[in-house]
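Chemist: Take a look at this one; I'll ask things after.
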Amino acid sequence: MRALQIAIFLFFSAFLSAAAAQPLYGIAMHGDPALPADYAHFPYVNPNVKKGGHISYGVVGTFDNLNPFILKSMRTTARGMWDPEYGNLVYESLMQRSRDEPFTLYGLLAQTVEWDDSRSYIQFNLNPSAKWSDGQPVTPEDVIFTFQLLHDKGRVPFSSLLDSVAKIEKVGDHGVLVRFNDKANRETPLMIASSLPILPKHATDPDGFDRTTLSIPIGSGPYRVKSIDPGQRIVFERNPDYWGKDIPSKVGVDNYDEIAVNYYLQDTTLFEAFKKGDVDIYPDGSPGHWQQAYDFPAVTSGAVVKDVFTPELPSGMLGFVFNTRRPIFADKKVRQGLALAFDFEWVNRNLSSNAYVRTQSYWQNSDLSSFGVPADAHELTMLGPLKDRIDRDVLDGTFKLPVSDGSGRDRAILHRAVDLLKEGGYTIKGEKMVDSTGRQLSFEIMTQSADQERIAIAFRRSLALLGIAVTIRTVDDSQYQRRTISFDYDMIIKSYPSSLSPGTEQLGRWGSAAAKTEGSFNFAGVADPDVDTLMSHFLTAHSAEDFRDAVRSFDRILISGYYLVPLYHIDQQWVARRSRIAHPDVLPLYGYQLPVWWDASVQ
């Protein structure tokens, strides 16, 4: 009886807490939203833009699917359907993330939200004006249907995120109350609000949802699919009856009447299409290419403009990824020895005109980075016994990857690499690096472009000096996607973008559960309870100080684990564009945002 009374008390306490909560126009991971309740638009848009015209994007790859939320063909789904770069053109989330704040959300499909201090629940109050492209209203039933469908048949991270939901219920005519279980953390409500699409119950077949499709879907977003040429081109047209065009979070956004995404087999072909005018935007990540490739007539005449943006973002991490599921990479000493053998100074000078900075941390150039920062008393307390898992130089802030003499064969560094490999069970015999059975250390680097192949060749050159046999296999896009989904590789080159508000996406990259889940982004195969623990620290942090130190601790254990051979980064963003494509003068925290650009030729 006593247990029943307690249960009833807790139920009604939660009910009264929900009833007492005040509707909020926006929510932030830490602190309050930067914009006031009566904000008119985001600060990085042109609110007076004249909408119209068109833009053509170009991508390398192919597509055979219009459903971006399932595992099958997850990396061959048409761009633009649900897209962090081009915008969510067809589907929408409940709230819109501002790109000028670390992690703050404002109203979209949900006009307001309500939650408690412990974030044990969140209630979404849908905008009564929200409609699907067929004119039907967006309802609480759509939200509940979507969450159940994505949980049962969606791919990671959509399905795994919903594991934290204990109960979903309709509240009134427009409300949806989501209660969380003990798998949730303080970021979970924000991820539910911003990272999950809402699908129309009346126009979605749950039985066939997990199959690829080229059927044109119904969404609530600003665009509809106009035409499809499978694998070649998809065209979106503006929905003139889009319900949300005047709400503050969408003012100055979605400015073209038509958006085309063209597909190419390789980047050289894509760049030629840009030069001819078939593609309007070309983001460039190659220093040599950026310096040397723009001598064609359109640049000289001013028809093509080169823009340089400097966002306030942490560096992220680009590197050769060890698949630690492979026995040859299971020993940290082996990974560390191989990492030391990469001669960044030689590569930077001979292949990149000294344009790059060596990446030493996953959050370099931000306050979240551990690079050059000793762990203080607060962080050490947070780490507890896990501090013994951190390399001493990483813990005290003196860690730095070795700087070579640039010769491509720095003997002192290679000698250290040999010593580490010896600790991992390998020795040099007969000019070959072999294990105790006499088997040579050998592995394959799988690449997907000429640029990746070039850097892999440079790495192979260094490893050959140690008697290590490396093969390089450059595969087409479809084979690359198939093999990465199933973790069928020894080593690949991957980029890990970082934000100022790392959260549950890190579980997909480094979490033990993700290591065993096909299609996850845990490319390194990390399955370490201590890594999981340190992720939980920043996912449950209440204060900004706790969050900062928790991320630094996590950064330290990743660096100490040598799951990647760190490469390099550039602190700028380079984009070439047709001169008729314009962008706002204000650059947000996260850098340029293509969905707020427009066609200036429109009169």
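The values are calculated or read from the model by the stated rules, or taken from the named source; none is laboratory data. Source: prediction; values computed, not measured. As a convention, Cβ positions derive from the backbone with ideal geometry for all residues, glycine included, and neighbour counts pool all protein chains shown.
Chemist: For F274, work out the one condition from (1) of a type in the set (A, V, I, L, M, F, W, C); (2) part of a helix (DSSP H, G or I); (3) touching a Pro at 6+ places or on another chain (Cβ under 8 Å) it doesn't fulfil.
Modeler: F274 satisfies every listed condition except (3).
Chemist: Looking only at the stretch 75-93, filter to residues that are touching a helix residue (DSSP H, G or I) at 6+ places or on another chain (Cβ under 7 Å) and more than 21 Å from P240 (Cα to Cα); which one of those is modelled with the highest pLDDT?
Modeler: Looking at residues that are touching a helix residue (DSSP H, G or I) at 6+ places or on another chain (Cβ under 7 Å) and more than 21 Å from P240 (Cα to Cα), I get E85.
Chemist: Can you tell me how many residues in the stretch 346-365 are at pLDDT 90 or above and hydrophobic (A, V, I, L, M, F, W, C)?
Modeler: Residues meeting the conditions: 4.
Chemist: Name the residue that is nearest to G61 (Cα to Cα), counting only residues in the stretch 435-465 that are buried (at least 19 other Cβ atoms within 10 Å of the Cβ) and touching a Gly at 6+ places or on another chain (Cβ under 8 Å).
Modeler: S462
Chemist: Report yes if E141 is buried (at least 20 other Cβ atoms within 10 Å of the Cβ) and of a type in the set (D, E, K, R), otherwise no.
Modeler: Spelling it out, it is not the case that E141 is buried (at least 20 other Cβ atoms within 10 Å of the Cβ) and of a type in the set (D, E, K, R).
Chemist: Follow-up question, since we're still on this one. Applying the selection to the stretch 349-374, what residues are among the aliphatic types (A, V, I, L, M) and either in a loop (DSSP other than H, G, I, E, B) or closer than 26 Å to D391 by Cα (or both)?
Modeler: Hits for the stretch 349-374 are A355, V357, L368, V373.
Chemist: Here's another thing I want to ask about it. Those residues that are within 17 Å of A513 (Cα to Cα) and among the hydrophobic types (A, V, I, L, M, F, W, C), I need them from the stretch 151-170; list them, please.
Modeler: Correct list: V156, F158, L161, L162.
Chemist: Working carefully through the options L265, L270, find the one that is modelled with pLDDT under 95, over 22 Å from Q96 (Cβ atoms), in contact with a strand residue (DSSP E or B) (Cβ under 8 Å, 6 or more places away or on another chain) and assigned by TED's automatic domain parsing to the domain that holds Q593.
Modeler: Result: L265 is the single residue among L265, L270 that is modelled with pLDDT under 95, over 22 Å from Q96 (Cβ atoms), in contact with a strand residue (DSSP E or B) (Cβ under 8 Å, 6 or more places away or on another chain) and assigned by TED's automatic domain parsing to the domain that holds Q593.
Chemist: Would you mind stating whether A541 is at pLDDT below 95, buried (at least 20 other Cβ atoms within 10 Å of the Cβ) and not assigned by TED's automatic domain parsing to the domain that holds S120?
Modeler: For A541, the condition - at pLDDT below 95, buried (at least 20 other Cβ atoms within 10 Å of the Cβ) and not assigned by TED's automatic domain parsing to the domain that holds S120 - is met.
Chemist: When you scan the stretch 387-400, how many residues do you find that are part of a helix (DSSP H, G or I), surrounded by fewer than 16 Cβ atoms within 10 Å (Cβ to Cβ) and touching a residue at least 24 places away in the same chain (Cβ under 8 Å)?
Modeler: Adding up the residues that qualify gives 0.
Chemist: In this structure, does L109 turn out to be buried (at least 23 other Cβ atoms within 10 Å of the Cβ) and not assigned by TED's automatic domain parsing to the domain that holds Q593?
Modeler: So L109 passes the test.
Chemist: Just one of V403, V347 is more than 30 Å from D546 (Cβ to Cβ), of a type in the set (V, I, T) and surrounded by 15 or more Cβ atoms within 10 Å (Cβ to Cβ); which is it?
Modeler: Every option except V347 fails the conditions.
Chemist: Take the residues in the stretch 297-347 that are in contact with a helix residue (DSSP H, G or I) (Cβ under 7 Å, 6 or more places away or on another chain) and assigned to a strand (DSSP E or B), then tell me which one is nearest to Q364 (Cα to Cα).
Modeler: So, considering only residues that are in contact with a helix residue (DSSP H, G or I) (Cβ under 7 Å, 6 or more places away or on another chain) and assigned to a strand (DSSP E or B), the one nearest to Q364 (Cα to Cα) is F320.
Chemist: Also: Does L318 meet the test of being more than 20 Å from S462 (Cβ to Cβ), hydrophobic (A, V, I, L, M, F, W, C) and crowded, with 17+ Cβ neighbours inside 10 Å?
Modeler: Here the answer is no, as L318 does not meet what is asked.
Chemist: Here's another thing I want to ask about it. What single numbered condition from (1) surrounded by fewer than 21 Cβ atoms within 10 Å (Cβ to Cβ); (2) in contact with a helix residue (DSSP H, G or I) (Cβ under 8 Å, 6 or more places away or on another chain); (3) more than 22 Å from E505 (Cβ to Cβ); (4) acidic (D, E) fails to hold for D163?
Modeler: Checking D163 against (1) surrounded by fewer than 21 Cβ atoms within 10 Å (Cβ to Cβ); (2) in contact with a helix residue (DSSP H, G or I) (Cβ under 8 Å, 6 or more places away or on another chain); (3) more than 22 Å from E505 (Cβ to Cβ); (4) acidic (D, E), the one that fails is (3).
Chemist: Could you check N522 against (1) surrounded by fewer than 19 Cβ atoms within 10 Å (Cβ to Cβ); (2) without any contact (Cβ under 8 Å) to a residue 24 or more places away in the chain and say which number it fails?
Modeler: Here N522 meets the rest and fails (1).
Chemist: If you go through the stretch 287-297 one residue at a time, do you hit one that is crowded, with 17+ Cβ neighbours inside 10 Å, under 17 Å from Y86 (Cβ atoms) and not aromatic (F, W, Y)?
Modeler: There is no residue in the stretch 287-297 that is crowded, with 17+ Cβ neighbours inside 10 Å, under 17 Å from Y86 (Cβ atoms) and not aromatic (F, W, Y).
Chemist: Out of the stretch 375-386, which residues are at negative phi and either of a type outside the set (A, V, I, L, M, F, W, C) or in a helix (DSSP H, G or I) (or both)?
Modeler: Passing the criteria: D376, A377, H378, E379, L380, T381, M382, L383, P385, L386.
Chemist: A further question on this structure: Taking the stated definitions as given, is D367 within 30 Å of the chain's Cα centre (by Cα) and buried (at least 22 other Cβ atoms within 10 Å of the Cβ)?
Modeler: no
Chemist: Name every residue in the stretch 253-286 that is under 24 Å from the mean Cα position of the chain (by Cα), surrounded by fewer than 16 Cβ atoms within 10 Å (Cβ to Cβ) and either within 21 Å of P84 (Cβ to Cβ) or hydroxyl-bearing (S, T, Y) (or both), in order of residue number.
Modeler: Answer for the stretch 253-286, where residues must be under 24 Å from the mean Cα position of the chain (by Cα), surrounded by fewer than 16 Cβ atoms within 10 Å (Cβ to Cβ) and either within 21 Å of P84 (Cβ to Cβ) or hydroxyl-bearing (S, T, Y) (or both): P283, G285.
Chemist: If you don't mind, another one. Residue by residue through the stretch 244-268, note down the ones that are in a helix (DSSP H, G or I) and under 19 Å from I55 (Cβ atoms).
Modeler: K250
Chemist: In this structure, does I122 turn out to be closer than 26 Å to F209 by Cβ, in the same structural domain as D182 (by TED's automatic domain parsing), among the hydrophobic types (A, V, I, L, M, F, W, C) and outside any strand (DSSP E or B)?
Modeler: Answer is no for this residue.
Chemist: Please go through the stretch 15-45 and pick out each residue that is farther than 26 Å from S543 by Cβ and at pLDDT below 90.
Modeler: Within the stretch 15-45, F15, L16, A19 meet the criteria.
Chemist: Right, another one. How about the stretch 563-590: which of its residues are part of a loop (DSSP other than H, G, I, E, B) and under 19 Å from V357 (Cα atoms)?
Modeler: Matches in the stretch 563-590: L567, I570, D571, Q572.
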